[in-house]
Amino acid sequence: MDYKIALGVIASIIGFIGYIPYFRDIFNGKTKPHIFSWFAWGISAGIVFFAQIAKGAGPGAWVTGLTAIACVSIAVLAFFRGEKNITRIDWISFVSALLGVVFWQLTNDPLTAVLLVTIADILAFIPTIRKAYEKPREETASTYFLNALKYAISLIALQSLNFTTFLYPAYLIVANGLFVVMLLVRRKIATA
């Protein structure tokens, strides 16, 4: 078995395992996902998955496809069990994220798609960051940590390493890692 296939499988398994506590916490009422973030992330991950495949990412893209499915599933659950406090910045972030998808459709280029979708994904993170800053216990930190880990492994599993295949996972390693740090700091402050 090619080591890149093995790493693609390992990253996908970590990704799958990482979402189990998140889904559990949603159903237990502990985690309240923000529908705008999760819906936009699902779209972003789906677009990047197809762009990565088009640019030869191979097994390194599998985790992005899995992420797209998980994010859309969480967005559906968020509609019923998620954060209900939607602010103006949430709307601005969400509409901006969707505009990134529209602009990508106009360019029809994988690299442009990944650049625009990564920007849209950053904007889509704003509602979750805002909510988690105020309510740090309403997010499952382990899921975000495992997301950073799965994308670190997926980078090594990429068969073709170029800006189109590399940018999105690299951004998610940083974003998820920083988000975990913010959650842990805010939880510590809240208990002090």
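The values are calculated or read from the model by the stated rules, or taken from the named source; none is laboratory data. Model, not experiment: these values are computed from the prediction. A quick note on method: Cβ atoms are made from the backbone with ideal geometry, for glycine too, and the neighbour counts reach across all protein chains shown. Ligands, DNA and RNA are excluded from the accessible area calculation, which covers all protein heavy atoms including side chains. Shrake-Rupley method; radii C 1.70, N 1.55, O 1.52, S 1.80 Å.
Annotation: residue 90 fulfils all but one of (1) in contact with a Pro (Cβ under 6 Å, 6 or more places away or on another chain); (2) in a loop (DSSP other than H, G, I, E, B); (3) of a type in the set (D, E, K, R); the unmet one is (2).
Yes or no: residue 121 crowded, with 16+ Cβ neighbours inside 10 Å and of a type in the set (Asp, Glu)? Yes, satisfied.
Among the numbered conditions (1) out of contact with any helix residue (DSSP H, G or I) (no Cβ under 6 Å at 6 or more places or on another chain); (2) surrounded by fewer than 18 Cβ atoms within 10 Å (Cβ to Cβ); (3) in a helix (DSSP H, G or I), the only one that residue 166 does not meet is (2). The condition (being part of a helix (DSSP H, G or I), in contact with a Leu (Cβ under 7 Å, 6 or more places away or on another chain) and in contact (Cβ under 8 Å) with a residue 12 or more places away in the chain) is satisfied by just one residue among 143, 118, 128: 118.
All of (1) within 20 Å of residue 120 (Cβ to Cβ); (2) open to solvent by 70 Å² or more (accessible area, probe 1.4 Å); (3) among the charged types (D, E, K, R) hold for residue 83 with one exception: (2). Restricted to the stretch 137-150, and to residues there that are modelled with pLDDT of 95 or more and either open to solvent by 60 Å² or more (accessible area, probe 1.4 Å) or over 15 Å from the mean Cα position of the chain (by Cα) (or both), the residue that is farthest from residue 74 (Cα to Cα) is 149. Scanning the stretch 171-192 for residues that are closer than 25 Å to residue 54 by Cα, of a type outside the set (Ser, Thr, Tyr) and in contact with a helix residue (DSSP H, G or I) (Cβ under 7 Å, 6 or more places away or on another chain) yields a total of 3. Screening residue 33 against (1) open to solvent by less than 10 Å² (accessible area, probe 1.4 Å); (2) within 26 Å of residue 157 (Cα to Cα); (3) at pLDDT 90 or above leaves a single unmet condition, (2).
Selection of the stretch 131-140 for residues being part of a helix (DSSP H, G or I) and in contact (Cβ under 8 Å) with a residue 60 or more places away in the chain yields 131, 137, 138. Name the residues in the stretch 169-192 that are of a type in the set (A, V, I, L, M) and open to solvent by less than 60 Å² (accessible area, probe 1.4 Å), would you? Hits for the stretch 169-192 are 170, 172, 173, 175, 180, 182, 183. Only residues that are surrounded by 22 or more Cβ atoms within 10 Å (Cβ to Cβ) and small (Gly, Ala, Ser): list them for the stretch 151-163, please. Across the stretch 151-163, the qualifying residues are 154, 157. Restrict the check to the stretch 50-69 and report whether at least one residue is open to solvent by 40 Å² or more (accessible area, probe 1.4 Å), closer than 18 Å to residue 12 by Cα, more than 15 Å from the chain's Cα centre (by Cα) and modelled with pLDDT of 80 or more. Yes.
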